[in-house]
Amino acid sequence: MSAIYVMWLRQLKRYWRSRARMAGMLGQPILFLLALGFGIGPIFEQAGGGNFIQFLVPGIIAMTVLFTAMFSGIEVIWDRQFGFLKETLVAPVPRWKIMLGKTFGGATVALAQGFIVFIITLMIGFRPANLAALPIALILLFMIAMLFTALGVAIASRLEDMQAFPLIMNFLIMPLFFLSGALFPLKGIPKILEIIIKLNPLSYGVDGLRATLSGVSTLGLGLDFAVITIVGVIVFAFGSYQFSKIQL
């Protein structure tokens, strides 16, 4: 248990010290909110879609968590290059516990970023449909963060080049985000696109957040939780296996 706590605490300290990284992670969602929310909003409303800010915000919060969670995996490569990972792995602790600690730490940071963006959205006019559902939204947000942090750590465990990691992350993150229904409704889209979106685990996270924050769900909140849980367990198991294969 102490190994999990140590790795979790290390991730939080790094996050708190990196003010520039914090600001950078917040810049993109704010840009999306302002450019899309107020730019496309009038067109969306004229088409009968309702308030676009209410529709967009859950997707932007999910995007924030996705980016922060996935990029937290770079800490593995950083620790490997500077020797800290070697010191950690030689300790008499199961590697899956170290993996779990890193995942918890990255997920906590991602959750914090998502919550900050949520506070910002309140300032620009977003209003949760049901305040009683906010705790459910936070639980779902943390589950999303755990899933994609574990994925980021799993990928980083197989890489040694720090420059290659951002390239691979962008290659994965952009399709995950744009094909999740975060920016457009899932009704009336081409069948092939609908199939791709339903194969994307982030789609269920976005839909679940939209259900709890905006009161609108296309896939069903129960299914959203089930898919995020099952995929999260599978990804964590895969990540633990990859992490256990790291050579000292």
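In region 96-138, the convex hull through the Cα atoms has an average projected area of 3.5 nm², a quarter of its surface area. Net charge of the neighbourhood of LEU167, taken over other residues with C-beta under 15 Å away and scored Lys/Arg +1, Asp/Glu -1, is -1. About its Cα centre, the dipole of region 127-248 is roughly 220 debye, where the only charges are +1 on Lys and Arg Cβ and -1 on Asp and Glu Cβ. Sequence-ordered 3J(HN,Hα) estimates for region 108-125 from the Karplus curve with 6.51, -1.76 and 1.60 and θ = phi - 60° stand at 5, 4, 4, 4, 4, 4, x, 5, 4, 4, 4, 4, 5, 5, 5, 6, 9, x Hz, glycine and proline given as x. Ranked for footprinting exposure by Cβ neighbours inside 10 Å, fewest first, LEU223, LEU141 give LEU223, LEU141. In order along region 187-192, the phi-based Karplus estimate (6.51 cos²θ - 1.76 cosθ + 1.60, θ = phi - 60°) of 3J(HN,Hα) comes to 8, x, 8, x, 4, 4 Hz; Gly and Pro are listed as x.
Applying the Karplus relation 6.51 cos²θ - 1.76 cosθ + 1.60 with θ = phi - 60° to region 193-205 yields 3J(HN,Hα) values of 5, 4, 5, 4, 5, 6, 8, 8, x, 5, 4, 6, x Hz, where x marks Gly and Pro.
Laboratory data are not the source of any read-out in this text; all were calculated from the coordinates shown. As the structure is a computational prediction, the values presented were derived from the model and not from experiment. Don't worry about glycine lacking a Cβ; one is built from the backbone with ideal geometry, like all the others, and counts go over all protein chains shown.
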